[in-house]
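The values are calculated or read from the model by the stated rules, or taken from the named source; none is laboratory data. What you see is a predicted model; the values in this text were computed from it and never measured. Cβ sites come from the backbone with ideal geometry, for glycine too, and all protein chains shown count toward neighbours.
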């Protein structure tokens, strides 16, 4: 079926495939089909130039298309990885504990045997650090998910 379609449509089968893939990229965004569509269009350009050559069989065309698709996808992904300008103005938005580093608070419970509690906003947080009495001002120096906040006394 593929051989018949390629021979009947000639080099235009690659142009049609390329345009269909580019249109599919619009319907299914993900920046993947665009590279395969570009490979199909490039194969169509080669087919226009080499259509009369005896060695330009449909098998070779499929192999060229597959190779171009792999190369285009690889180069496209590298290009997009280097142009990621989506740096957030709030990189810690969904990392609540990481956003606490650098904040100061007052101990609500003393740090005894390395463990205590502070209150930040409306939440009590477990802390670890040197033993300190209630009411001492502390700064959060490290925060890890599920672990007590590391604090040090503020001078």
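State all residues of segment 51-60 that are in a helix (DSSP H, G or I) and loosely packed, with under 15 Cβ neighbours inside 10 Å; if no residue qualifies, say none.
The answer is 59, 60.
Pick from segment 143-155 the residues that are assigned to a strand (DSSP E or B) and surrounded by 18 or more Cβ atoms within 10 Å (Cβ to Cβ): which of them is modelled with the lowest pLDDT? Write out each step before concluding.
Step one: of segment 143-155, the residues assigned to a strand (DSSP E or B) are 149-153.
Restricting the remaining residues to those that are surrounded by 18 or more Cβ atoms within 10 Å (Cβ to Cβ) gives 149, 151.
Working: 149: 90, 151: 93.
Here the answer is 149.
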_Out of 140, 118, I need the residue that is in contact with a helix residue (DSSP H, G or I) (Cβ under 7 Å, 6 or more places away or on another chain) and surrounded by 11 or more Cβ atoms within 10 Å (Cβ to Cβ). Which one?_
140
